[in-house]
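Read the structure below first, then the notes.
The values are calculated or read from the model by the stated rules, or taken from the named source; none is laboratory data. Keep in mind that this is a model prediction, so the values were computed, not measured. All Cβ positions, glycine included, derive from the backbone under ideal geometry; neighbour counts span all protein chains shown.
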Amino acid sequence: MNVNKLQNILFACLLAVFSLAFITPASARPFLNKTKEHKTKSDTLKYPPRDPKKAMLMAILPGLGQIYNHKYWKLPIVYAGFGVIGYFAVNNTRYYRTFRDAYNYKAAHPECTLDNPDFDYPLAQKYDKATLKIIRDYYRRNMQLSYIVGGAWFLLQMIDANVDAHLSHWNISDNLSLDVSPVIHPYNLPNAPAYKGISLHFNF
């Protein structure tokens, strides 16, 4: 048995395993459809369709939109995001103000250096005016970026609540199915060279 033929057999076996693992046999579909129908009715009674506009308005208070949609597992993600962004925003703002004040002091007192004991401003004594300006601008840029990311995260959790509410109205038809099968053509013909692949058939 040559290597090419062995590869074709292995490829066909892998596709067969894939098909058995992911394609539902026809004999099992009535039972699954009945289970799905039962679950859909009970879920509809327990969790009725959500209003997207209401979900988005409630998300003005971060996390409330996710609670309205019963997506409680998203709450730690929402609050962790705000926590991390808030941490960087607060620290960058604090450092920016510190070096801004040091720069302003250095600009007003250029003689403030480590060799001059008449001044007691460690940052202004340690760094020159140009270095203080670079550090100040660096933390100002990071501070602004932190606020922009925070605003984007706020909008993102509002959009997430709105999309989740929209999806609560979305139902998948039981007639939707996917059939996966291997395709192997081992012989070279004038207009059809040898090939192997996967055939996908959608029914809806």
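All but one of (1) closer than 30 Å to PHE82 by Cα; (2) polar (S, T, N, Q); (3) at pLDDT 90 or above hold for SER168; which doesn't?
SER168 satisfies every listed condition except (3).
Filtering the stretch 71-87 down to residues that are surrounded by 13 or more Cβ atoms within 10 Å (Cβ to Cβ) and free of Cβ contacts under 8 Å to residues at least 60 places away in the same chain, which residue is farthest from SER168 (Cα to Cα)?
If we take residues in the stretch 71-87 being surrounded by 13 or more Cβ atoms within 10 Å (Cβ to Cβ) and free of Cβ contacts under 8 Å to residues at least 60 places away in the same chain, then VAL84 is farthest from SER168 (Cα to Cα).
Suppose the filter is more than 27 Å from ALA152 (Cα to Cα) and buried (at least 18 other Cβ atoms within 10 Å of the Cβ); does TYR103 pass it?
yes
Yes or no, residue by residue, for (1) among the small types (Gly, Ala, Ser); (2) within 15 Å of ASP160 (Cα to Cα):
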position	(1), (2)
ASN69	no, yes
LYS74	no, yes
ALA80	yes, no
PHE88	no, no
ASN92	no, no
TYR103	no, no
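Which of the following residues is within 26 Å of ILE85 (Cα to Cα) and of a type in the set (Phe, Trp, Tyr): TYR103, TYR147? Explain how you work it out, then say what you get.
Details: TYR103 fails: within 26 Å of ILE85 (Cα to Cα).
Exactly one of TYR103, TYR147 is within 26 Å of ILE85 (Cα to Cα) and of a type in the set (Phe, Trp, Tyr), namely TYR147.
Identify, by number, the condition in (1) more than 43 Å from the chain's Cα centre (by Cα); (2) among the aliphatic types (A, V, I, L, M); (3) buried (at least 17 other Cβ atoms within 10 Å of the Cβ) that MET143 doesn't meet.
Every listed condition holds for MET143 apart from (1).
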